[in-house]
Amino acid sequence: MDTPVKFSVEIVDSDETFLCSSMQNVLEGMVRLGRRGIPSGCRGGGCGVCKIEVLQGHYRSKKMSRSHIDENDIEHDRVLACRIYPESDLVIRVIGKMKGRFEPS
């Protein structure tokens, strides 16, 4: 059994950082920040609300709906936060419908 490792995830638009276990998807870590309006219901890649761009770092991913993530997105590290798991520290930008929750006030 793999031992979970915690990695740092930085959100560039809000200058926030949180820890995320290698066994936890990035959306779960974002939810722990306690911001209002972060969707936590779907978590299966079906709604596309949690779309992010990974600017730095490595991750593993589960299958994502092609209606939300196409080949061009994959090539440019645009993925769904609910479907990726960190394998190193990450730097991300929120680009989906929850983007407004992470922009500076």
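Throughout, read-outs are computed from the coordinates displayed, never taken from laboratory work. Note that the structure is predicted; figures quoted are calculated from it, not measured.
Binned at 5 Å from 0, what are the whole-percent values of the Cα-Cα distance distribution for the chain, short to long?
2, 14, 26, 27, 20, 9, 2, 0, 0
Run the numbers on the chain and let me know its relative contact order in percent, using alpha-carbon pairs under 8 Å that are six or more apart.
37 percent
Which percent, to the nearest 5, of DSSP beta bridges fully inside the chain are antiparallel?
Beta bridges within the chain, antiparallel portion: roughly 85 percent.
For the range 61-105, how big is Rg over Rh, using alpha carbon atoms and the Kirkwood form of Rh?
Here Rg/Rh amounts to 0.97.
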